[in-house]
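Notes follow once the structure below has been shown.
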Amino acid sequence: MEISKRAGRIPPFYVMELLEKARMMELQGHSIIHMEVGEPGFETPGNIKAAAIEALSQGKTFYTHSLGIPELRQAISDNYAASCRVKVPPDRVIITNGSSGAFTLLFNALLEPGRSLSLSDPGYPCYRNIASLTDCAIEPIHVSAEENYEVLPGHFDTVNPPDVLIIANPSNPTGTVYRPETIAALHGRLSKTGSLLIVDEIYSGLTYDIDFTSSACIADDIIIVSGFSKAYAMTGWRLGWMIVPPDLVRPLQKLAQNLFIAPPSVSQYAALKAFDSTEELPRMRSVYKQRRDFLIPRLRGLGFTIPRIPDGAFYIYAGIENFAMDSMVFVEKALAEAGVAITPGYDFGAFRASSHVRFSYADRLENLKEGCDRLEAWLKAV
Ligand SMILES: Cc1ncc(COP(=O)(O)O)c(C=O)c1O
């Protein structure tokens, strides 16, 4: 039987394709520098791993409540109270299977044919790809360096507001950290038409030289998605959360029961210790900043254009106009000929995608240096 039209329409997540290809080349003996994937170059902090071992030895390996264990929902609520002095009742916190699980639940709950989702282009590709399974209309908003890659409220002066707008703060691939005034104005603009705003704060622990304001502090009807993957170096534990308005909890619970049954149990008990990792987090952040501060001048020196310094996440969205090559060709050749894996702009949308690539600086500094040396030699030869 043929697969459904919906599934057939889903494009690959190029960065994962590239990673899989790079890993295959490594198995064949090639040396590859990974500047493609958003995988923290750190192990999960020791206290979190120890809590997981304890949970295992205590046999905490069963299904949990579909919305997550109450202790973790409470810990997340307490963390918002402590870090941004905002009261988020634990019954509005839903634990999910990675933040990816939250998008699946939210889009199924909110989108359908006849409804629309707006998102930024360039932006995180999985929003569009997951939402496309609901057959809703997807409306990309072009963002450029001149506007610091922010979706601005003025956009909706000429375009009808969507049913749902999703933004990432900090953003992937541009590293933009939204000004709280922009988010407040976007929320105000969307509220006029009853539209919902979702803010993905998965990179919230990773901002440099700039304060981060969670949108939970801006309005209590903004839906927040976040998780442990990035700032807590827990990608493989598949654990995230969302904060939703009270009337959405029950519909999301029914979906969660059916789609996931429950978030992973051992990961949840381990994550109870995540907010205690007070030393590791700032240390990881300062290492990422050091990597960013190395990479930007080095890439500019090689001819990449980087009009704005990214303030958060661990990505640099760079222009390749000087190399007269399509970004897909550029990344394929860089992988095959220089042994450097980079993500093409096409992963993040269509707007100026052919002339951009994304570098991740999640990997170790010595590898980033080696990657740049390889690119330099390769660019001289092409
Ligand atoms: C903006 C953004 N949101 C969500 C995710 C997925 O995170 P998780 O591991 O929590 O599913 C990623 C992963 O790269 C991301 O870049």
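Panel values: the range 47-276, Kirkwood radius from alpha carbon pairs, Stokes-Einstein at 37 °C and 0.692 mPa s, translational diffusion coefficient 183 µm²/s. Based on C-alpha pairs under 8 angstrom that are at least 6 apart in sequence, the chain has a relative contact order of 25 percent.
Rolling a 1.4 Å probe over the protein heavy atoms leaves Val159 with an accessible area of roughly 60 Å².
Solvent-accessible area of the range 47-276 (1.4 angstrom probe, protein heavy atoms only): carbon and sulfur portion equals 52 percent. The listed peptides 32-42, 309-319, ordered by packing as a protection proxy, come out as 309-319, 32-42 (highest mean of other Cβ atoms within 10 Å first).
Computed on the range 86-158, with alpha-carbon pairs under 8 angstrom and 6+ residues apart, the relative contact order is 27 percent. Only protein heavy atoms count here; on that basis, with a 1.4 Å probe, Ser229 has an accessible area of about 10 Å². For the chain, the solvent-accessible area with a 1.4 angstrom probe is 43 square angstrom per residue.
Based on DSSP H segments of at least four residues, each scored -39500 (n - 2.57), the chain has a per-residue ellipticity at 222 nm of -12000 deg cm²/dmol.
Using a simple spin-label model with pseudo-atoms 7 Å out from Cα toward Cβ, Thr305 and Val249 lie 5.0 nm apart. Near Arg364: Cβ cut-off under 13 Å, other residues only, Lys/Arg at +1 and Asp/Glu at -1. The net charge is -3. Cross-link pairs exceeding 31 Å between alpha carbons, from the set Lys192/Lys254; Lys60/Lys289; Lys230/Lys333; Lys5/Lys230; Lys21/Lys369: Lys60/Lys289; Lys5/Lys230. Only protein atoms count toward the accessible area here, which uses a 1.4 Å probe; on the range 284-372, the carbon and sulfur part of that area reaches 50 percent.
Taking label positions 7 Å along the Cα-Cβ direction at both Ala336 and Leu133, the computed distance is 3.3 nm, reported to one decimal. Each of the peptides 64-72, 373-381 was scored by the mean count of other Cβ atoms within 10 Å over its residues; in descending order, highest first, they stand as 64-72, 373-381.
Using the Cβ-Cβ distance between Lys87 and Arg23 with R0 = 35 Å, the FRET efficiency computed as 1/(1 + (r/R0)^6) comes to roughly 0.20. Estimated from the Cβ-Cβ distance and a Förster radius of 22 angstrom, the FRET efficiency linking Glu321 and Ala381 is about 0.65. Go ahead and collect, in residue order, the members of the range 110-143 whose backbone nitrogen is under 15 Å from a label point 7 Å along the Cα-Cβ direction of Thr193. Taking a point 7 Å out along Cα→Cβ of Thr193, the residues of the range 110-143 whose backbone N falls under 15 Å are 114-120, 137-142. The string of couplings for the range 230-240 from the Karplus curve (6.51, -1.76, 1.60, θ = phi - 60°) is 8, 5, 9, 6, 10, 3, x, 7, 6, 9, x Hz, one whole number per residue in order, with x for Gly and Pro.
If the chain linking Phe62 and Ile210 were pulled fully straight, counting 0.36 nm for each residue of separation and taking away their Cα-Cα distance, it would gain 49.2 nm. Sites listed here are trypsin sites (Lys or Arg not before Pro) in the range 1-103 whose DSSP assignment is loop and whose Cβ has at most 14 other Cβ atoms within 10 Å: Arg85, Lys87.
Of all the options Asn172, Asn258, Asn47, the one that moves most in a Gaussian network model of the chain with Cα springs shorter than 10 angstrom is Asn258.
So between Val329 and Arg179, what do we pick up on full extension, going 0.36 nm a residue minus the alpha carbon distance? Length difference between fully extended and current span is 50.5 nm. Selection among Val159, Ala184, Trp241 by position relative to the dipole of the range 159-255 gives Trp241 as farthest towards the positive end (Cβ unit charges, Cα centre). Measuring between their Cα centroids, the range 169-230 and the range 116-141 lie 17 Å from each other. With just the Cα atoms defining each centre, how far is the range 31-62 from the range 302-346? Give it in Å. First find each Cα centre; the distance between them is then 29 Å.
Along the positive direction of the dipole of the chain (beta-carbon charges: Lys, Arg +1; Asp, Glu -1; about the Cα centre), which of Ser57, Ala109, Met24 reaches farthest? Towards the positive end, the residue furthest out is Ser57. Heavy-atom accessible area with a 1.4 Å probe sorts His155, His356, His30, largest first, into His30, His155, His356. Each peptide in 336-342, 189-195 gets a packing score, the mean of other Cβ atoms within 10 Å over its residues, and the list from highest to lowest is 336-342, 189-195. Sorting Cys84, Cys217 by solvent-accessible area of protein heavy atoms yields Cys217, Cys84, largest first, with a 1.4 Å probe.
The values are calculated or read from the model by the stated rules, or taken from the named source; none is laboratory data. Just so it is clear, the model here is predicted, and its values are computed rather than measured. Glycine also receives a Cβ, built like all others from the backbone with ideal geometry; neighbour counts cover every protein chain displayed. SASA here: full protein model, heavy atoms, side chains in, ligands and nucleic acids out. Shrake-Rupley method; radii C 1.70, N 1.55, O 1.52, S 1.80 Å.
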